[in-house]
Structure formats: C-alpha cells, structure tokens
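The values are calculated or read from the model by the stated rules, or taken from the named source; none is laboratory data. Being a predicted model, the structure only gives us computed values, none of them experimental. Here the Cβ positions follow ideal geometry from the backbone for every residue, glycine too, while neighbour counts run over all protein chains shown.
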Amino acid sequence: MAFISNPELRKRGQEVYAELYGGSHADEMTSEYNEKSSDFADMSLEWAIGGLFGRPGLDLKSREFVAFALCVADGRVQDAVLAHAEACIRAGATKREVYEVVLNTIWYVGAGGASLAFSTLKDFFADMEEA
C-alpha cells in the first residue's frame, strides 16, 4: 500500500525542513531515507517535521533541543546527533547551549551517550571558547 500524502503537512514539513535542515548534514540523512524507502522519507517529512515540529505550542529551538537530547540519549544515531546540533543553531541556539544539553543528558541516561555525542561533535565544538 502506498503512502497517502497530506499536502498541508508536506508543505509545512518542507518549510520547516528548509529552515532547520536544508543544506546541512541532515540532507545526507534525507538522501539515505529516500534510498531505504521513499515512503519512510515522506512520512518523516510530513509527520515528524510537518506534523510535530510544525505544531504550535513550542518554538523550533525548544523542539530541536528535545530531539537533540533524545538522539544523544539513544546513542545509536550519531548522524542525527550532528544534524540536530546543526538544526539547534539554525533555530537560534548557541553552541554553548547545545553543549549544555549534552551535559544535561548525563544524569538521566548515563555518561556513555554524552561521551559518544561529544566525540561526534568534536569538530562542531572546535571553535567554542573554553568555559
């Protein structure tokens, strides 16, 4: 059965995607999604980005912090860690705030995920002044 598109969610998803992810590391992930399953790519764009990230109630920066923290906590999706770190910046966060989100995950999920995220984000944080 083919995925049935929702034009409103697709449009909103494309707008939010362009604002947060276009031209960044996330484009690689989107290409991989399309190679695996175009339906999966469409569902991600429409449901996750258009449907969830496009909802009122939280600003994009807050939504990105949540998504980023969950990716750090997961520990298996380092490409998403980098993509969401970049999106946090596009949504108005500072690198220091992104760094603090990683630190904040330690107490809830252990140091392993945070350590892995810091390794993934080494170049991302390279130009950040020491605290």
If you go through the range 104-115 one residue at a time, how many are surrounded by 13 or more Cβ atoms within 10 Å (Cβ to Cβ) and either more than 16 Å from the chain's Cα centre (by Cα) or not in a helix (DSSP H, G or I) (or both)? 4
Which ones in the range 2-25 are under 16 Å from Trp47 (Cβ atoms) and not in a helix (DSSP H, G or I)? Ala2, Phe3, Ile4, Ser5, Asn6, Tyr21
Could you please find all residues in the range 1-33 being surrounded by fewer than 15 Cβ atoms within 10 Å (Cβ to Cβ) and either touching a Ser or Thr at 6+ places or on another chain (Cβ under 7 Å) or farther than 22 Å from Ala85 by Cα (or both)? Met1, Ala2, Phe3, Ile4, Ser5, Pro7, Glu8, Lys11
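Can you tell me which of Val66, Val98, Val102, Val109 is under 30 Å from Lys11 (Cα atoms) and either in contact with a helix residue (DSSP H, G or I) (Cβ under 8 Å, 6 or more places away or on another chain) or of a type outside the set (A, V, I, L, M, F, W, C) (or both)?
On the way: Val66 fails: either in contact with a helix residue (DSSP H, G or I) (Cβ under 8 Å, 6 or more places away or on another chain) or of a type outside the set (A, V, I, L, M, F, W, C) (or both); Val102 fails: under 30 Å from Lys11 (Cα atoms); Val109 fails: under 30 Å from Lys11 (Cα atoms).
Result: Val98 is the single residue among Val66, Val98, Val102, Val109 that is under 30 Å from Lys11 (Cα atoms) and either in contact with a helix residue (DSSP H, G or I) (Cβ under 8 Å, 6 or more places away or on another chain) or of a type outside the set (A, V, I, L, M, F, W, C) (or both).
Mind listing whichever residues of the range 85-96 are assigned to a helix (DSSP H, G or I) and free of Cβ contacts under 8 Å to residues at least 24 places away in the same chain? I'd like the intermediate steps shown before the answer.
Of the range 85-96, the ones assigned to a helix (DSSP H, G or I) are 85-90, 95-96.
Listed by number, the list holds a single entry, Ile89.
Quick grid of which residues meet (1) more than 11 Å from the chain's Cα centre (by Cα); (2) in contact (Cβ under 8 Å) with a residue 60 or more places away in the chain; (3) closer than 20 Å to Leu121 by Cβ:
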position: Glu15; (1), (2), (3): yes, no, no
position: Tyr21; (1), (2), (3): no, yes, yes
position: Ser31; (1), (2), (3): yes, no, no
position: Glu35; (1), (2), (3): yes, no, no
position: Leu52; (1), (2), (3): yes, no, no
position: Arg55; (1), (2), (3): yes, no, no
position: Phe68; (1), (2), (3): no, no, yes
position: Asp79; (1), (2), (3): no, no, yes
position: Leu82; (1), (2), (3): no, no, yes
Sort out which residues of the range 37-69 are part of a loop (DSSP other than H, G, I, E, B) and buried (at least 17 other Cβ atoms within 10 Å of the Cβ), and write them in order of number. Gly54
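Have a look at Glu100, Glu28 and point out the one that is at pLDDT below 95 and either of a type outside the set (S, T, N, Q) or in a helix (DSSP H, G or I) (or both). Walk me through how you get there before you give the answer.
Details: Glu100 fails: at pLDDT below 95.
Step by step, each of Glu100, Glu28 is checked, and only Glu28 is at pLDDT below 95 and either of a type outside the set (S, T, N, Q) or in a helix (DSSP H, G or I) (or both).
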